[in-house]
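Notes follow once the structure below has been shown.
The values are calculated or read from the model by the stated rules, or taken from the named source; none is laboratory data. Keep in mind that what you see is a predicted model, and the values were worked out from it rather than measured. As a convention, Cβ positions derive from the backbone with ideal geometry for all residues, glycine included, and neighbour counts pool all protein chains shown.
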Amino acid sequence: MTKQGYTLRLLAAERSASQEVHDRVELVWTGQEVVGSQSRDTSVVVRELFSTAKSSILIWEIQQLKKNSDF
């Protein structure tokens, strides 16, 4: 096998392994828009997750408390 052939096989194997990891985990940010972030509509994301999940779904909620000068 030539160096180029070996390199192409290594690259293909790396891309395949990378795609497998990508297919297993997806981080999605939903909710209110925050400056500098891209969020998606929560109801759309939840429907998509449940319709495409293969084994499990982990939902984690983080609430950001806004500082209010009245308190």
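Structural remarks
- Thr2 vs. criteria at pLDDT 80 or above and surrounded by fewer than 10 Cβ atoms within 10 Å (Cβ to Cβ): yes
- Residue, modelled with the highest pLDDT, within the range 14-49, restricted to residues that are among the acidic types (Asp, Glu) and closer than 19 Å to Glu61 by Cα: Glu48
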